[in-house]
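Here the structure is laid out as structure tokens; the discussion comes afterwards.
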Amino acid sequence: LTCVKCESECKFCTVPEGTTKAQAEIWYQAAHLAREIATTCDNDVISLWLDDLHFAGISNSTQFRDIDDVLRLTSKEFINLVDAGEAFQHAVMIEEDFQDQHTLDTLQLVFKRVYTGNEIYAQPHGVQSVDKIFQDIRAGVKGINGLSFPNLAQAIGPEFTRRPQYSLLHDVCEYGKAKGQGDVAGKQVYRTVCDVESCGGFNLLGSAGAFSGAHLDALNGTWVRVLFGSKIWWVVSADRMKDNDWEDFARDGAIWNPKGKAKAIHLQEGQVLFMPPGVRIIHAVFGLLPSCLAGGQLWDSNRMPEILRNVVYIAEHQQTTNEPLAWSWGPLIGHLEDLHKAGE
């Protein structure tokens, strides 16, 4: 396939065999844009991912796929597979029709209402006012990356997240809050802190060039939905990782070199990416446009042994995550043990 800009095979990326001409051109344009943006970013780690950019193949079947392929399913197809007992081992793109709409303007309005009189933190410039951060994003300042915001957009999550199989983390957090009220639970009239809960819903706000290096999500299971903008989202299949690769990653953390193991996913507005709980999927992210993502971490009640093993791995190798470990873990783990013994 010919890249229009290169007038030959693309110099900046490779696409899988069988890719349509239209899809290849979209990916070629994304690769060229990423290179252009990266030249203005003061971050040498980005080149570890962009210099060896391979887009993942897209498969619509769990039966016929390469280990590096990403599944692309409609919400209904995904839920049917969940109901059939499918244990997903790789990233999945889910197509769903969302009715809510979000823009940079509407998000700024919400941020100003919530953070009136306060400053907020975004990499790499640190603490600034809401207006300053949004002004810089609009002005094309590269590399702004805000990772610690709750779901202020109140964006709707994908349908599968509301199924009992995927509500365990939410339910355990509610237990933690209810326990803080004493023996009689009910509507909260004061706040009981449960820092695990903040992982259940968040917004990621960034400009073009926003970059997060290699990491695992601390609670091992994540979905994200692009509200607006576009990202390159690299994933590294656990099938590609050998023991020495995990050792290198545990040592290097965010500056780890994937050495060709990563496959890129081009995420655009309206798309959902699911990294299933129970699997360690190293990922890195690069912003192509001013973007906001909604997301959350969640657990699959059918895969708790694998999830807890992965959480323990992350706790023992804290270089592998960009999140602090939750201090409220202890009581919640105890409750999980009780639920397991009770067969729930």
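At a glance:
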| read-out | value |
| --- | --- |
| Selection within the range 125-144 - at negative phi, free of Cβ contacts under 8 Å to residues at least 24 places away in the same chain and not aliphatic (A, V, I, L, M) | His125, Gln128, Ser129, Asp131, Lys132, Gln135 |
| Scan of the range 187-217 for residues that are in a loop (DSSP other than H, G, I, E, B) and either in contact with a strand residue (DSSP E or B) (Cβ under 8 Å, 6 or more places away or on another chain) or modelled with pLDDT of 90 or more (or both), ordered by number | Gly201, Ser207, Ala208, Gly209, Ala210, Asp217 |
| The range 310-339, residues that are over 20 Å from the mean Cα position of the chain (by Cα) and modelled with pLDDT of 90 or more | Glu316 |
| First in the range 83-97 and under 13 Å from Ile281 (Cβ atoms), second anywhere and of a type in the set (Phe, Trp, Tyr) and not in a loop (DSSP other than H, G, I, E, B), Cβ under 7 Å, 6 or more apart | Ala91/Phe274; Val92/Phe78; Val92/Phe274 |
| Evaluation of Ile232 against (1) among the aliphatic types (A, V, I, L, M); (2) part of a loop (DSSP other than H, G, I, E, B); (3) modelled with pLDDT of 95 or more (one fails), failing number | (2) |
| Phe274 in a strand (DSSP E or B) and either in contact (Cβ under 8 Å) with a residue 12 or more places away in the chain or within 20 Å of Phe88 (Cα to Cα) (or both) | yes |
| Verdict on Leu308 being of a type outside the set (Phe, Trp, Tyr), part of a strand (DSSP E or B) and on the phi < 0 side of the Ramachandran plot | no |
| Checklist (1) in contact with a helix residue (DSSP H, G or I) (Cβ under 7 Å, 6 or more places away or on another chain); (2) modelled with pLDDT under 95; (3) over 24 Å from Arg280 (Cβ atoms); (4) not hydroxyl-bearing (Ser, Thr, Tyr) applied to Asp42, failing item | (1) |
| Boolean, Ser207 is hydroxyl-bearing (Ser, Thr, Tyr), surrounded by 23 or more Cβ atoms within 10 Å (Cβ to Cβ) and under 24 Å from Asn151 (Cβ atoms) | yes |
| Among the residues listed as Gln108, Gln128, the single one being polar (S, T, N, Q), surrounded by 15 or more Cβ atoms within 10 Å (Cβ to Cβ) and part of a strand (DSSP E or B) | Gln128 |
| Unmet criterion (only one of (1) within 26 Å of Thr14 (Cα to Cα); (2) modelled with pLDDT under 95) for Leu298 | (1) |
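Yes or no, residue by residue, for (1) exposed (fewer than 14 other Cβ atoms within 10 Å of the Cβ); (2) at pLDDT 95 or above; (3) touching a Phe, Trp or Tyr at 6+ places or on another chain (Cβ under 9 Å):
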position	(1), (2), (3)
Phe55	no, yes, yes
Ser61	yes, no, no
Phe64	yes, no, no
Leu73	no, yes, no
Glu77	no, yes, no
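The values are calculated or read from the model by the stated rules, or taken from the named source; none is laboratory data. All of these numbers come straight from a predicted model, not from anything done at the bench. As a convention, Cβ positions derive from the backbone with ideal geometry for all residues, glycine included, and neighbour counts pool all protein chains shown.
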